[in-house]
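Enquirer: After the structure tokens below, expect a handful of questions from me.
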Ligand code: IDP
Ligand code: MG
């Protein structure tokens, strides 16, 4: 099944939104197969956001994601990359639709609460940056037969 990397950014942790953000993904029926609180150091931030190097917001972005602990998750589900991105909403809370995480919890143009991989390729790359293979657990939950389409399992 497809996997994606999602994390609650430092602003989400500081604003005490960890539980409410994680609950969104649980409510959606997605399976959390890895989760940890960690600190992003400068080296990891630079690797993760390499595509943004040279952009005006790059320095601020590195400062933002390294400012405090994050809560990183690997989510699993059919089409989970697209689904998680949809749940995040547009990049900034002041544009994101109500009903999305960014749309419901934020109104800023820099702090945007959550990260989500933007493609299956990015997800593979990013999961490997944040998680060791043994930190990702292969398991089923009782009731998963009602969450995931049998044909796609
Ligand atoms: P995404 O997180 O919605 O995929 P990207 O364009 O990939 O958005 O940018 C990565 C991150 O860089 C954003 O989540 C945000 O934290 C930050 N960022 C992007 N554009 C800006 C900007 O114009 N000003 C400040 N920060 C930005
Ligand atoms: Mg992006």
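Enquirer: When region 63-84 is examined, which residues are found to be in contact (Cβ under 8 Å) with a residue 24 or more places away in the chain and either under 17 Å from residue 13 (Cβ atoms) or within 15 Å of ligand 2 (Cβ to nearest atom) (or both)?
Expert: 64, 65, 66, 67, 68, 69, 70, 71, 72, 73, 81, 84
Enquirer: Could you check region 1-39 and list, in sequence order, the residues that are out of contact with any helix residue (DSSP H, G or I) (no Cβ under 9 Å at 6 or more places or on another chain), surrounded by 16 or more Cβ atoms within 10 Å (Cβ to Cβ) and more than 13 Å from residue 88 (Cα to Cα)?
Expert: Passing the criteria: 13, 33.
Enquirer: Among the residues in region 55-62, are any without any contact (Cβ under 8 Å) to a residue 60 or more places away in the chain and within 17 Å of residue 102 (Cα to Cα)?
Expert: There is at least one residue in region 55-62 that is without any contact (Cβ under 8 Å) to a residue 60 or more places away in the chain and within 17 Å of residue 102 (Cα to Cα).
Enquirer: How many residues does region 9-23 contain that are touching a strand residue (DSSP E or B) at 6+ places or on another chain (Cβ under 9 Å), in contact (Cβ under 8 Å) with a residue 60 or more places away in the chain and more than 16 Å from ligand 2 (Cβ to nearest atom)?
Expert: 4
Enquirer: Among the residues of region 103-136, how many are in contact with a helix residue (DSSP H, G or I) (Cβ under 9 Å, 6 or more places away or on another chain), within 16 Å of residue 70 (Cα to Cα) and not in a loop (DSSP other than H, G, I, E, B)?
Expert: Going through region 103-136 one residue at a time, the tally reaches 6.
Enquirer: In region 30-57, what residues are within 13 Å of ligand 2 (Cβ to nearest atom) and either outside any loop (DSSP other than H, G, I, E, B) or more than 17 Å from residue 116 (Cβ to Cβ) (or both)?
Expert: Once the filter is applied, which keeps residues that are within 13 Å of ligand 2 (Cβ to nearest atom) and either outside any loop (DSSP other than H, G, I, E, B) or more than 17 Å from residue 116 (Cβ to Cβ) (or both), region 30-57 yields 48, 50, 51, 52, 55, 57.
Enquirer: On to the next question. Could you check region 137-146 and list, in sequence order, the residues that are surrounded by 10 or more Cβ atoms within 10 Å (Cβ to Cβ) and out of contact with any helix residue (DSSP H, G or I) (no Cβ under 9 Å at 6 or more places or on another chain)?
Expert: Those that are surrounded by 10 or more Cβ atoms within 10 Å (Cβ to Cβ) and out of contact with any helix residue (DSSP H, G or I) (no Cβ under 9 Å at 6 or more places or on another chain): 137, 140, 144, 145.
Let's see how each residue does on (1) loosely packed, with under 13 Cβ neighbours inside 10 Å; (2) on the phi > 0 side of the Ramachandran plot; (3) at pLDDT below 95; (4) near ligand 1 (Cβ under 10 Å from one of its atoms):
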{"site": "41", "(1), (2), (3), (4)": "yes, no, no, no"}
{"site": "47", "(1), (2), (3), (4)": "yes, no, no, no"}
{"site": "55", "(1), (2), (3), (4)": "yes, no, no, yes"}
{"site": "81", "(1), (2), (3), (4)": "no, no, no, no"}
{"site": "98", "(1), (2), (3), (4)": "yes, no, no, no"}
{"site": "107", "(1), (2), (3), (4)": "yes, no, no, no"}
{"site": "135", "(1), (2), (3), (4)": "no, no, no, no"}
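Enquirer: Filter region 5-21 down to residues that are within 22 Å of residue 109 (Cα to Cα) and in a helix (DSSP H, G or I), then give me how many there are.
Expert: 8
Enquirer: Touching a residue at least 40 places away in the same chain (Cβ under 8 Å), in a loop (DSSP other than H, G, I, E, B), in contact with a strand residue (DSSP E or B) (Cβ under 9 Å, 6 or more places away or on another chain) and closer than 24 Å to residue 146 by Cα: which single residue out of 1, 87 fits that description?
Expert: Of 1, 87, the one residue that is touching a residue at least 40 places away in the same chain (Cβ under 8 Å), in a loop (DSSP other than H, G, I, E, B), in contact with a strand residue (DSSP E or B) (Cβ under 9 Å, 6 or more places away or on another chain) and closer than 24 Å to residue 146 by Cα is 1.
Enquirer: If I go through region 98-123 residue by residue, how many of them are touching a strand residue (DSSP E or B) at 6+ places or on another chain (Cβ under 8 Å) and more than 15 Å from ligand 2 (Cβ to nearest atom)?
Expert: Number of matching residues: 1.
The values are calculated or read from the model by the stated rules, or taken from the named source; none is laboratory data. Nothing here was measured: the structure is a model prediction, and the numbers come from that model. Note that each Cβ is placed from the backbone with ideal geometry, even for glycine, and that neighbours are counted across all protein chains shown.
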